[in-house]
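This report refers to the structure that appears directly beneath it.
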């Protein structure tokens, strides 16, 4: 889901029709109103017959459609896009449509009618819809990130299993899951049931590594080295994969008017409650782009160890009494603000050394002059 914005009221003509669709997994309920807000028609469409959606939007000469964003929203969007202009399709943010979420009486028909009326009044809080190519790249990137998480979980389980064995000597290698370490694990014989568990985990680990390589190969064919990705990759800690995640999840930096807006969308800002002159900062925002937050946090851990600027920022936050996870979030938020600046200005990251303040020169001490012996008058001479 992307950044939210209220849709400006459209130019309403007498023959305009506004359709609200309550989208579900196997069926959808729709309700249509005219320019005056009067009901035109309503009904239900089964998803095994997508042609009915095309027939619906062609019943009136000027049609605008809205439905809420859900897990598989792109299926309905692609069906409607093939039958009507894409700019007439609105994707509503379900977290912003409070009149539906907090309704005492909530049914599919009521939800569809409310969506249609909000669309007619121009009160839909919409979300950004990326192009199909971007959506496909995002799916592959998210799939790879998911497999990497599963691989990390498996490696941790193997470490736990190996650590529970008595009198087991591990080979001297920097990475237990490298070539030498994997050769040792494959030949290792453990008593039951640890031996069975280790065999299963190693087989799953090999499968995940193969899937990750396949996704990376697909990404090479789908992605071209864009200027935006190169700009983000110049930030310390940002590798090719993390930079690709950032660029594709943001999609269009002009959607964010400020770096603070981008940080809020990523979810790197704490929730704030202020009333009666008292302000309370709570946990991080729940409704955010979690893939972007993951990418910036991962990059922050790397940048903290390899770059003096981000390392000093981390140590400064730690010295101020913040915990490690809180301090690394501060580093990730700084990186997000830098990324917004680079993408907005279209330039690479430049490390500017701190300005050296010239020390003031000490004033020269006046030389002391002593009278010559010939000019002085000695008492007693």
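No lab work stands behind these numbers, since they all come straight from the coordinates. All values derive from a computational prediction rather than experimental measurement. Using ideal geometry, Cβ is built from the backbone for each residue, glycine included, and neighbour counts are taken over all protein chains shown.
For Cα extents along the principal axes in Å, which listed value, [x] 57, 52, 44; [y] 57, 48, 43; [z] 130, 72, 46, comes from the coordinates shown?
Label of the calculated value: [z].
State, as an integer percentage, the relative contact order of the chain based on alpha-carbon contacts under 8 Å between residues 6 or more apart.
Dividing the mean separation by the residue count of the chain yields 14 percent.
Which whole-number percent gives the relative contact order of segment 4-127, counting Cα pairs below 8 Å spaced six or more residues apart?
Once divided by the residue count of segment 4-127, the mean separation gives 37 percent.
Which three extents, in angstrom, do the Cα atoms of segment 4-127 have along their principal axes, listed largest first?
Computed over the Cα atoms, the extents are 33, 33, 25 Å.
What is the spin-label model distance, in nm, from residue 322 to residue 213 if the labels are put 7 Å beyond Cα along the C-beta direction?
Label at residue 322, label at residue 213, 4.0 nm between them.
Listing 304, 238, 153 from the residue with the fewest other Cβ atoms within 10 Å to the one with the most, what is the order?
153, 304, 238
By counting other Cβ atoms within 10 Å of each Cβ, how are 298, 345, 136 ranked from fewest to most?
Arranged by neighbour count, lowest to highest, 298, 345, 136 become 345, 136, 298.
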